[in-house]
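Engineer: One structure coming up, written as structure tokens, with questions to follow.
The values are calculated or read from the model by the stated rules, or taken from the named source; none is laboratory data. Worth saying up front: this structure is predicted, and the values here are computed from it rather than measured. Glycine gets a Cβ as well: all are built from the backbone with ideal geometry, and neighbour counts include every protein chain shown.
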Amino acid sequence: MEIDILAVPKEIDFAPDNEVKEIIQNVRTICTTPKYSVPMDRAFGVDIKMLDRPTPKAMAALQAELTQAIRKYEPRCKVKRIFFEGNKDGRLNFKVRIIVNEI
């Protein structure tokens, strides 16, 4: 099963209907949480130091960060691909496609 993570709703569901929805929500949380912002787990999330780097370097660093964070904090899935989209204002957006492991 392939899922585009950032295309799912942003609202937190404290009781997901199934494990797949839970995994999707967890990956979304990992991808959108800056590292050092979680009090009891400062390593949780994604390091955002690359924000002011040139776009190609930022893309490479963000791809590595996302992949490592997802691998560490949500081992029930694998990153299949990370897509980047830029706009004329220099904003870089990303989409993460994952494969949920056999449940």
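Engineer: Out of the residues in the stretch 35-56 that are in contact with a strand residue (DSSP E or B) (Cβ under 7 Å, 6 or more places away or on another chain) and not hydrophobic (A, V, I, L, M, F, W, C), state the one that is modelled with the lowest pLDDT.
Structural biologist: Applying the filter and picking the extreme gives Thr55.
Okay, residues lined up against (1) modelled with pLDDT under 95; (2) assigned to a helix (DSSP H, G or I); (3) closer than 23 Å to Ile12 by Cβ:
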{"site": "Glu22", "(1), (2), (3)": "yes, yes, yes"}
{"site": "Asn26", "(1), (2), (3)": "yes, yes, yes"}
{"site": "Thr29", "(1), (2), (3)": "yes, yes, yes"}
{"site": "Ala58", "(1), (2), (3)": "yes, yes, no"}
{"site": "Lys80", "(1), (2), (3)": "yes, no, no"}
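Engineer: Let me ask something else. When the stretch 1-20 is examined, which residues are found to be among the hydrophobic types (A, V, I, L, M, F, W, C), over 14 Å from the mean Cα position of the chain (by Cα) and either in a loop (DSSP other than H, G, I, E, B) or at pLDDT below 85 (or both)? Before the answer, list the steps.
Structural biologist: Of the residues in the stretch 1-20, the ones among the hydrophobic types (A, V, I, L, M, F, W, C) are 1, 3, 5-8, 12, 14-15, 20.
Subset that is over 14 Å from the mean Cα position of the chain (by Cα): 1, 12, 14-15, 20.
Met1, Ile12, Phe14, Ala15, listed by residue number.
Engineer: Which members of the stretch 64-78 meet the condition of being part of a helix (DSSP H, G or I), crowded, with 17+ Cβ neighbours inside 10 Å and not acidic (Asp, Glu)?
Structural biologist: We begin by selecting, within the stretch 64-78, every residue part of a helix (DSSP H, G or I); these are 64-73.
From what is left, the residues that are crowded, with 17+ Cβ neighbours inside 10 Å are 65-66, 69-70.
Those that are part of a helix (DSSP H, G or I), crowded, with 17+ Cβ neighbours inside 10 Å and not acidic (Asp, Glu): Leu66, Ala69, Ile70.
Engineer: Scan the stretch 86-97 and give yes if some residue there is modelled with pLDDT of 90 or more, over 22 Å from Glu19 (Cβ atoms), in contact with a helix residue (DSSP H, G or I) (Cβ under 9 Å, 6 or more places away or on another chain) and not aromatic (Phe, Trp, Tyr), otherwise no.
Structural biologist: No - not one qualifying residue is present in the stretch 86-97.
Engineer: When you look at Lys21, is it among the charged types (D, E, K, R), free of Cβ contacts under 8 Å to residues at least 24 places away in the same chain and under 20 Å from Phe83 (Cβ atoms), yes or no?
Structural biologist: Numbers: among the charged types (D, E, K, R): yes; free of Cβ contacts under 8 Å to residues at least 24 places away in the same chain: yes; under 20 Å from Phe83 (Cβ atoms): no.
So Lys21 fails the test.
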